[in-house]
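A short worksheet on the structure shown next.
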Amino acid sequence: MKFGMGQAVRRKEDDRLLTGKGRYLDDINLPDQCYAYVLRSPHAHATIKSIDIGAAKKAPGVIAVLTGADADKDQIAPIPCLAQVTPDMVIPTRKMFTTDRVRFVGDMVAAVLGETIAAARDASELIEIEYEELPAECELAKAADGKAPQIWPNAPGNVSFVWQDGDKAKTDACFKRAARRVTIEVINNRVVPNSMETRGALAAYDAKADSYTLHVSSQGSHLIKDVLCGSIFPKHDPEKIRVVTPDVGGGFGMKVFLYPEYVLALWGSKRVSRPVKWIEDRTEAFLSDVHGRDNVTRAELALDERGKFLAIRIRTLANMGAYLSMFGPYIPTVAGQGMHVGVYDFEAAHIEVKGIFTNTVPVDAYRGAGRPEAAYMLERLVAAAARETGMTPDAIRLRNFIAPEKMPFKTILGLTYDSGNFPALLKRALSEADTAGAERRKQDSAKTGKLRGVGLAYYIETCGGAPNVPAIIRFEEDESVSLIVGTHSNGQGHETAYSQLAAERLGIPFESIKVKQGDTALMAKGSFTGGSRSVPVGGAATRIACDDAIEKGKEAAAHLLETAALDIAYDEGRYVVAGTDRAVGVMDVARAIREGRTGAATGTLLSGEADFLPQAPTFPNGCHICELEVDRDTGEVAIQRYTVVDDFGRIVNPLLLTGQVHGGIAQGIGQALLEEARFDDTGQMLTASFMDYAMPRADNLPSYAFSWEVIPCQTNPLGIKGCGEAGAIGAPPAVMNALIDALAPLGITDLQMPATSHRIWQAMQRAKRPQAAE
C-alpha cells in the first residue's frame, strides 16, 4: 500500500514546522500572563544566612517575590526521585527553593514574577542574600575519596547507593584461572543535552474550578501529570490538573522529568491569580537542565589462552550531582542492566556502581541513558584485549560473539536476546568499510603528515520495553481519522510513522490521519517518549487500536450489507462479505454509524482503543567502523569514512530511520571529540555557553555509509526494534578506538573523551619525550 510500513515517506509534519506554522511553547500566550525569573545560587556550596527581598518587591513591574519561606508556608512538596535502586539508598530532600544551604551553582533560591521578563530580571538583582561559602567538590573521583567535603550529612563519603549485578564469586573464580587479564580505566565525560528549544512552562490556575493547566515543553505530558498528582499535589483532584505539550524542539531524555520551575509556575499562578510563564535562556539551560553521563569506570577482562572471554569485572563511580534527579540513580544501574556483557558469550560478570554526590548540576538520562556508557566501556575493553593478545579487532569479536544459532540466548546477566546475527553484520560492515584497503590508506596519509586509524565497535542495547503506551483511533465527523497516542514527538517524526502504520492497517489514505499527542485531556492515561520505544511500543498500540476499530465496525458493516457479522472480512479499507464481491468502505461504515443508520445512537463515532505493554524489550544492535586522520602537528582530527550496519528488525520508514541514526552518531561524535561540561575548583561552570562548550558542527561530521539487515524482532508484534539512541551508543567507542589505532605507532594506547585536538597534541608531545631523551 502507498505510504505503508517500510516505505520512505517524507515527514508530513515538516511542511508545518519548516514554514513557521509549528506551535512551540514560546508561541503560546495567555491573557494577563506574567513572567517568572529564577534567582539561582552563584555558589556551589554555601549556607544561606539571610534573604532580604524588600527592595525587589518595590521595584517597577514586580507582582511578587517568592522564596523558600513562602513555599514552606504553602506546604509545597519536594521534587521527587522515583528511582530507588537499592533499599538503603540516600535520597536527599530537594525543595523547589532551597532555604538553608545551596549545593550547586544554579540551585534555585528565589523567583520574581513581573509584568515583563525584563522587570523580573532587574528586580532579582535587588534581592540581597548573605551566603557563607563552604568547600565544594565537583570532581567525581575526589568526591568519593573519603576526604572531600560532605555534601549531605546522611550520605557518608558522598555515597548515595552501592548497586551490584552479576555473580561475584563465579567472576572471581574465572579471573583466578584466566590465562590473561586486561584492565582499562575510562571516563564517560559529562555532557549537556542542549536541545534547540530550551525548557519552559506556562501555568494557569482557575480559582473558580480549582484547576491547573500546565503548558510545558516535555517528552510526555502524562508522566509530568502523574508526578504532579502523585507527589506535588497529592490531595488535588487529578481531573483538575491538565498538562499540555505542544511541538517540542528536541529533548534527548532531558525533558522527560518534572523540574522545580514547573512547580514554581503552577504555584505562582495560584498565588498571584494570573498565568505564569517561564522560559529559560541558554545559560540557565547549562546551569539547570540535567546533565548526562559523567562516569569513571575500571573494567577488567579475563581471557583463556585462546583469547576466549571468561569473565568481566566492572567498578563504576557515577556522578549524581547535588541532588537525585527523577530517574538519576536508574541510569547507571537498571537502565543499562545486562548491557555490560554486550554481544559476547561470557561465563560470568560482576558489576558494582556507586552513586556519588558532587556540587554539580544533577545528572539523569541523556540519549541512550546507561547503554552508551556500558557499550563504551566494553568496546574500549575489547579493543584493548585485541592489542594485548595480538588478535585483530574483528577476529577477537568473532571468536567471542554469541552465535546466531543460539538465539534466543539468555546472557549471564539475565537478559534474553530474541534475535540477532552479530557475525553477519560485522562482516558486512568490514566489507562496506573496505577495511582490507585501510593499510594502503594509512600509508597514503603518512605521506601528508597524517596518522590514520580505523576503529571498530559493536553495540547492542535494550529498549522498546515497558511501560505501556495507549492509543485511540477515532473516525471523526469531518471524515478525518484521529490517532491519539500516549507518547510525544520531540522531532523524531511521530506524525509520519504512526500515520504509516495506521494507514496500512486501516487501508485508508495516509493524509486523512491526524496524529494527536501531548494533551492529558485527550487521553486519561498515557506514557512518555524515551528508551527508543515510541514506535516499537506506541506503534504496536496503534496497530492493536486499529484492529479494535475494525472489529467494532463489523456489526455495522453486516447491518449495511444485510448479512451476519461472522461473514464479514476486512481488506484494504473495505468490509467484504466472504466469498462475494459485496463490500462497503470503512469510511462509509463510520458515516452510517454517526448518522444512526446501523442501530447506534446518532453521533456515535467508530473508534478503537489499545494499551500495549511489552512483555520483553527489543535488542537493536550493529557495527560502527570509523576511519579518521590525526594531524601530527596540531592533533586535529578529521573523520574520513564512517560505516554503520545495523539490525533494527522490520523498518517502518527508511528516511526517518536514517535521520535518527545520523543524529545519534553526531551526538556520539560530539561526546567523543568535543563536548565536556567543566567546573573549576570552586564549582563554577566553565562551559556555560556555546562560546565555551564545543558542540559538533558540520565540518566535524562525515558523510555516513549506513545500511541495515532486517532480522525481525520476536518480542514485538510488528517485528521492529528501537532505533532512536543507537547512533549515540555505537559512535563513541568506534571513534575512540580509531583514534588509539591512529596513535598506536607513537606508543599511545590510552586516551579519554573528549579527545580534543589539544588533548591529542599533549599526548603526542608526551610520547615524544622518551625518544628525545634517548
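The values are calculated or read from the model by the stated rules, or taken from the named source; none is laboratory data. All of these numbers come straight from a predicted model, not from anything done at the bench. All Cβ positions, even for glycine, are placed from backbone atoms using ideal geometry, and neighbour counts span all protein chains on display. Side chains included, ligands, DNA and RNA excluded: accessible areas come from the protein's heavy atoms. Shrake-Rupley method; radii C 1.70, N 1.55, O 1.52, S 1.80 Å.
Figures for the structure shown
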{"quantity": "Euclidean distance between Cα centres, the range 297-321 to the range 437-484, Å", "calculated": "26 Å"}
{"quantity": "Rounded FRET efficiency, nearest 0.05, which uses the C-beta distance separating Gln75 from Asn29 and R0 of 35 Å", "calculated": "0.70"}
{"quantity": "Using θ = phi - 60° and Karplus 6.51 cos²θ - 1.76 cosθ + 1.60, couplings along the range 237-244 (whole Hz; Gly, Pro as x)", "calculated": "4, x, 5, 9, 10, 10, 10, 10"}
{"quantity": "Those GluC sites (Glu not before Pro) in the range 586-686 that DSSP places in a loop and that have at most 13 other beta carbons within 10 Å", "calculated": "Glu595"}
{"quantity": "In Å², nearest 10: area of Glu261 left accessible to a 1.4 Å probe", "calculated": "0 Å²"}
{"quantity": "Positive-end extreme of charge dipole, the chain - chosen from Gly338, Gly54, Ala77 (charges on Cβ)", "calculated": "Gly338"}
{"quantity": "Given charges at Cβ of Lys, Arg, Asp, Glu: the chain dipole, positive-most of Val182, Ala592, Trp152", "calculated": "Val182"}
{"quantity": "Arg313, Arg766, Arg10, reordered so the largest accessible area comes first (probe 1.4 Å)", "calculated": "Arg10, Arg766, Arg313"}
{"quantity": "Accessible surface ranking that places the most exposed of Lys170, Lys516, Lys554 first, with a 1.4 angstrom probe", "calculated": "Lys170, Lys516, Lys554"}
{"quantity": "Cut-off 14 Å, label 7 Å out along Cα→Cβ of Asp692, residues of the range 266-300 by amide N", "calculated": "283-288"}
{"quantity": "Three-way shape label, the chain, alpha-carbon gyration tensor, a/c 1.5", "calculated": "oblate"}
{"quantity": "Accessible surface of Arg315 - all protein chains present, 1.4 Å probe, nearest 10 Å²", "calculated": "70 Å²"}
{"quantity": "11 Å beta-carbon shell around Asp281, net charge (K/R +1, D/E -1)", "calculated": "+1"}
{"quantity": "Amide proton proximity set for Cys34, modelled H, under 5 Å, gap of 5+", "calculated": "Val276, Lys277"}
{"quantity": "Within the accessible area of the chain (1.4 Å probe), percent carbon and sulfur", "calculated": "49 percent"}
{"quantity": "Charge-dipole axis of the range 257-416 as Lys and Arg at +1 and Asp and Glu at -1 on Cβ define it, positive-most pick from His350, Leu301, Val263", "calculated": "Val263"}
{"quantity": "FRET efficiency, 1/(1 + (r/R0)^6) with R0 45 Å, evaluated for Arg759 and Ala169 via beta carbons", "calculated": "0.70"}
{"quantity": "Low-density loop cleavage sites - GluC sites (Glu not before Pro) in the range 294-374, where at most 16 other Cβ are within 10 Å (DSSP)", "calculated": "Glu305"}
{"quantity": "Additional length obtainable on full extension of the chain from Ala744 to Gln150, 0.36 nm per residue less Cα span", "calculated": "209.7 nm"}
{"quantity": "Approximate spin-label separation Asp567-Ala524, in nm, with each point projected 7 Å along Cα-to-Cβ", "calculated": "3.8 nm"}
{"quantity": "Nearest-20 debye value, the range 496-584 charge dipole, Cβ charges on Lys, Arg, Asp, Glu", "calculated": "440 debye"}
{"quantity": "The range 524-593-the range 101-158 distance, computed between alpha-carbon centres (Å)", "calculated": "56 Å"}
{"quantity": "Rel. contact order, % - alpha carbon contacts under 8 angstrom, at least six apart, the chain", "calculated": "15 percent"}
{"quantity": "Gained length - Asp52 relative to Ala8, 0.36 nm times residue gap less alpha-carbon distance", "calculated": "9.8 nm"}
{"quantity": "Gyration tensor (alpha-carbon) shape descriptor, the range 288-418, a/c threshold 1.5", "calculated": "prolate"}
{"quantity": "Relative contact order (%) - the range 627-774, alpha-carbon pairs under 8 angstrom, separation at least six", "calculated": "37 percent"}
{"quantity": "Sequence-separation-based contact order of the range 96-215, relative, with Cα cut under 8 Å and 6+ spacing, percent", "calculated": "9 percent"}
{"quantity": "Heavy-atom surface of the chain, accessible at 1.4 Å and reported per residue (Å²)", "calculated": "38 Å²"}
{"quantity": "Rounded if a/c under 1.5, otherwise prolate or oblate - the range 204-254, Cα gyration tensor axes", "calculated": "oblate"}
{"quantity": "Label-point separation, Arg399 to Asp237 (7 Å along Cα→Cβ), nm", "calculated": "7.0 nm"}
{"quantity": "Karplus 3J(HN,Hα) series, Hz, for the range 369-378 with 6.51 cos²θ - 1.76 cosθ + 1.60 (x for Gly, Pro)", "calculated": "6, x, 6, x, 5, 5, 5, 5, 4, 5"}
{"quantity": "J(HN,Hα) series, the range 193-199, from Karplus relation 6.51 cos²θ - 1.76 cosθ + 1.60, nearest Hz, glycine and proline x", "calculated": "x, 6, 5, 4, 8, 6, 5"}
{"quantity": "Accessible area (Å², 1.4 Å probe, nearest 10) - Lys95", "calculated": "80 Å²"}
